[in-house]
Amino acid sequence: MGESDARDPRDDGALLLAHAAGDGQAFAELVRRHRDRLWAVALRTTGDREEAADALQDALLSAFRAADRFRGDSAVTTWLHRIVVNSCLDRLRRRQARPTVPLPEVDRTVAPSTDPDTALVVHAALAQLPADQRAALVLVDLQGYPVADAARVLGVAEGTIKSRCARGRARLAVLLGHLRDHDPAEVRNRAVDADVPSPTGNPSGITTAGKEGST
């Protein structure tokens with residue numbers, strides 16, 4: 001039997017309800033289905049693989065325990081992303097006293113197409129933004145969420161998301177001024193593609209590894 005044949009046909013809402021009712025496999029299927037994207041959000045929000053893995057594990061444990069309190073007022077994926085982002089933001093707030101990540105030295109004469117450090121510089125600059133601006137930019141600019149969906153994930157008004165994104169982009173424009181001659185699409189794609197794969201092993205502590213399903 002192929003992988004596609006083995007996938008659970010139930011939708012996300014049915015899986016969460018089944019988990020709350022005692023189905024021992026339902027939550028594992030939910031995590032298998034969405035783990036890769038949740039990991040990408042955690043990694044880009046925290047900027048650190050260990051922090052991201054810990055934040056994701058904490059978030060999935062919280063979701064596992066709180067499933068019976070899900071009221072269906074948003075999509076299950078929105079609910080999961082909200083828990084993951086909040087877990088990441090909690091960790092970011094706890095480490096605010098630590099020094100910010102310095103921007104790496106980059107040879108500004110290197111052409112965009114041959115500069116292997118572009119993604120590292122973009123991520124280092126993103127790490128210097130305030131946590132709320134970073135979370136908004138990760139969801140809207142890197143994950144491609146519509147503003148309305150990002151607002152639901154973060155539990156704020158759409159106008160707040162737009163404001164945070166605008167302020168974050170303005171700050172990034174200063175931090176990344178030396179990349180102004182680069183193709184903006186290339187800079188964004190390098191940031192999106194860097195460090196996205198899930199970590200080796202089982203970061204959630206709940207389910208086995210698997211490829212992301214449809215969202």
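Quick notes
To keep it simple, each residue is scored yes or no on (1) open to solvent by 20 Å² or more (accessible area, probe 1.4 Å); (2) farther than 22 Å from Ser87 by Cα; (3) of a type in the set (Phe, Trp, Tyr); (4) at pLDDT 95 or above.
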{"residue": "Gly2", "(1), (2), (3), (4)": "yes, yes, no, no"}
{"residue": "Arg10", "(1), (2), (3), (4)": "yes, yes, no, no"}
{"residue": "Ala26", "(1), (2), (3), (4)": "no, yes, no, no"}
{"residue": "Glu51", "(1), (2), (3), (4)": "yes, no, no, no"}
{"residue": "Gly72", "(1), (2), (3), (4)": "yes, no, no, no"}
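- Residue check, Leu92 part of a helix (DSSP H, G or I), more than 13 Å from the chain's Cα centre (by Cα) and surrounded by fewer than 19 Cβ atoms within 10 Å (Cβ to Cβ): no
- Among the candidates Ala157, Ala135, Ala131, Ala166, residue that is out of contact with any Gly (no Cβ under 8 Å at 6 or more places or on another chain) and surrounded by 21 or more Cβ atoms within 10 Å (Cβ to Cβ): Ala135
- Residue under evaluation Val196, criteria (1) under 30 Å from Ala26 (Cβ atoms); (2) part of a helix (DSSP H, G or I); (3) among the hydrophobic types (A, V, I, L, M, F, W, C); (4) modelled with pLDDT under 50, criterion not met: (2)
- Selected residue [open to solvent by 50 Å² or more (accessible area, probe 1.4 Å) and touching a residue at least 24 places away in the same chain (Cβ under 8 Å)] from Ala20, Ala40: Ala20
- Only one of the numbered conditions (1) surrounded by 18 or more Cβ atoms within 10 Å (Cβ to Cβ); (2) within 24 Å of Asp141 (Cβ to Cβ) is violated by Thr78, and that is (1).
- Within the stretch 25-84, the residues that satisfy the criterion of being of a type outside the set (D, E, K, R), more than 24 Å from Val122 (Cβ to Cβ) and part of a loop (DSSP other than H, G, I, E, B) are Gln25, Phe70, Gly72, Ser74, Ala75.
The values are calculated or read from the model by the stated rules, or taken from the named source; none is laboratory data. As the structure is a computational prediction, the values presented were derived from the model and not from experiment. Note: ideal-geometry Cβ built from the backbone for every residue, glycine included; neighbour counts use all protein chains shown. To get the accessible areas, we keep the full protein, side chains included, count just its heavy atoms, and leave off ligands, DNA and RNA. Shrake-Rupley method; radii C 1.70, N 1.55, O 1.52, S 1.80 Å.
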